[in-house]
Amino acid sequence: MRLRVLPAALPLSLLASLPLVAQTSPQETTSIAHVTVIDVATGKELPDQTVVLRSDRILSIAGSDPANPPQGRVVDTHGGFLIPGLWDMHVHIQDLEDLPLYIANGVTGVRMMFGAKDARELRAKLAAAPVSPEIIVGSAIVDGDPPVWPGSILVHKPDEARRIVDDIKASGADFVKIYNGIPRDAYFALADEAHKQNIPFVGHLPYQVRASEASDASQRSIEHLDGIAIACSRKEQSLIKELQPGHYLEKMNLVVEALHSFDASQCQALFEQFRRKGTWQVPTLTVHRGMAWMNDSHFTSDPRLAYMNGNVRYRWQPQNDFRFRRWPPAEFELHRGLFNADKQMVGLMFRAGVPLLAGTDAMNPFCFPGFSLHDELALLVESGLTPLASLQAATLRPAEFLGRTEELGLIAPGKRADLVLLGADPLADIHSTTQIQAVWLHGKYFDRAALNQLLEAAKHRSGKAKLQ
């Protein structure tokens with residue numbers, strides 16, 4: 001593969017003024033030659049193709065033909081594998097300097113799950129990043145009182161919930177993000193107003209709302225498998241009555257009780273409802289794994305910590321996180337068992353046809369921006385998904401969820417040129433998604449040297465480009 005070599009590593013603060021990518025002029029044509037194109041809709045692999053790009057779009061795809069040499073600039077892949085750009089559908093962005101790590105890992109789009117009260121101001125800050133994936137921007141978290149996180153929007157009553165939805169829509173956010181503590185009557189008022197305002201609402205399952213009720217209320221996605229174990233329990237109603245906002249460890253004990261009273265037919269009925277109603281699930285197995293192994297030195301010595309600044313590494317130590325600092329060893333052991341149960345639940349969902357999205361919950365502890373999406377894809381396969389289904393959860397399914405299949409999710413003429421070139425076949429081994437040779441972001445070409453430049457720059461960043 002002919003790749004352009006960039007200068008030696010420089011701090012990210014200087015990268016905005018450098019030609020980070022092998023820039024494509026507005027009408028320049030690029031041909032990706034001798035590549036195997038993976039159709040993530042069907043799982044078919046088309047070997048020895050030439051994919052022609054112009055500007056930010058895919059112009060054509062055809063079998064390589066010596067009688068018709070490739071057009072424009074040629075990237076000879078020597079038999080590489082081409083997939084659509086990946087999406088991480090559950091992230092948190094705290095620092096502009098995190099954003100290039102997504103591109104370095106082939107993640108060309110993300111869904112930001114804790115936005116700001118002024119979404120337009122937030123978008124302006126995000127636009128200052130020299131290299132960034134596309135970002136779907138959520139609202140600030142809408143929670144009950146007291147909230148879990150500072151900066152949340154508090155809701156107490158139904159009329160407040162309606163005004164909050166109106167304000168979020170007016171602020172320019174792409175969706176409403178909800179949390180556990182919303183009162184039951186306020187939740188349903190929020191759902192009704194979101195429907196009237198034609199803005200999706202997504203997030204956690206409030207403690208006092210059944211998963212089936214959230215699906216009926218058209219909650220677009222449920223994150224973290226929140227409330228699913230309880231919804232699959234014969235004791236669902238009584239367990240819900242015991243849930244209390246802010247009592248996390250007590251909630252985990254109720255989840256254990258729910259697993260011991262698992263009702264397979266009740267669970268299958270719920271999953272059929274999710275499938276029928278289009279209630280998407282974002283398991284975020286990566287964050288569940290991180291919580292379970294935070295006291296394991298082998299896990300916490302991850303070499304990818306080199307790409308996180310010192311402030312992040314400090315925050316990721318359990319003794320410095322208010323959620324984990326008092327956990328005894330037995331609590332981590334409990335969460336390891338729950339993590340295994342989560343994987344089994346994801347397998348059940350997949351076999352039942354529940355729509356699934358890949359998300360990591362970056363920047364929670366040991367949920368690395370960009371890197372951890374590949375962890376999530378592997379964990380989905382461990383849970384029972386096929387490699388194709390796992391890849392779909394980060395490509396085609398996000399496009400479907402966002403209602404943007406005309407431009408995203410597949411490699412086809414007219415689609416946006418967000419592409420990842422791999423050195424091995426991800427349908428044979430999902431871990432091959434880490435073997436990234438090049439990335440195209442809206443048609444802009446990052447060769448391996450450019451991607452290495454982004455990674456090296458992350459090791460020298462200041463940690464001062466905060467959003468808040």
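Brief remarks follow.
- Over all pairs of different C-alpha atoms, the chain has a mean inverse distance whose reciprocal, the Kirkwood radius, equals 22.9 Å.
- Highest to lowest packing among 386-399, 192-205, 356-369, scored as the average C-beta count within 10 Å: 356-369, 386-399, 192-205
- DSSP-defined beta bridges in the chain - what % are antiparallel, rounded to 5: 50 percent
- The HN-Hα couplings worked out from phi for the stretch 382-392 by the Karplus form 6.51 cos²θ - 1.76 cosθ + 1.60 (θ = phi - 60°) are 4, 7, x, 6, 6, x, 5, 5, 4, 5, 4 Hz, whole numbers, x standing for Gly and Pro.
- Separation between Cα centres of the stretch 266-280 and the stretch 40-98, rounded to whole Å: 34 Å
- Amide H contacts for Leu82 (H built 1.01 Å from N in the peptide plane; partners 5 or more residues away or on another chain; cut-off under 5 Å): Thr36, Val37, Ile38, Leu422.
- Cβ-isolated cysteines (cut-off 4.7 Å), the chain: Cys367
- Violating pairs (Cα-Cα greater than 28 angstrom) within the set Lys117/Lys157; Lys125/Lys196; Lys125/Lys169: Lys125/Lys196
- Principal axis box of the stretch 86-204, alpha-carbon based, largest edge first, Å: 44, 26, 24
- One quarter of the surface of the convex hull around the alpha-carbon atoms of the stretch 48-87 equals 3.4 nm², the direction-averaged projected area.
Every number here is computed from the coordinates shown, using simple stated rules; none is lab data. Keep in mind the model is a prediction, meaning the values are calculated, not measured. All Cβ positions, even for glycine, are placed from backbone atoms using ideal geometry, and neighbour counts span all protein chains on display.
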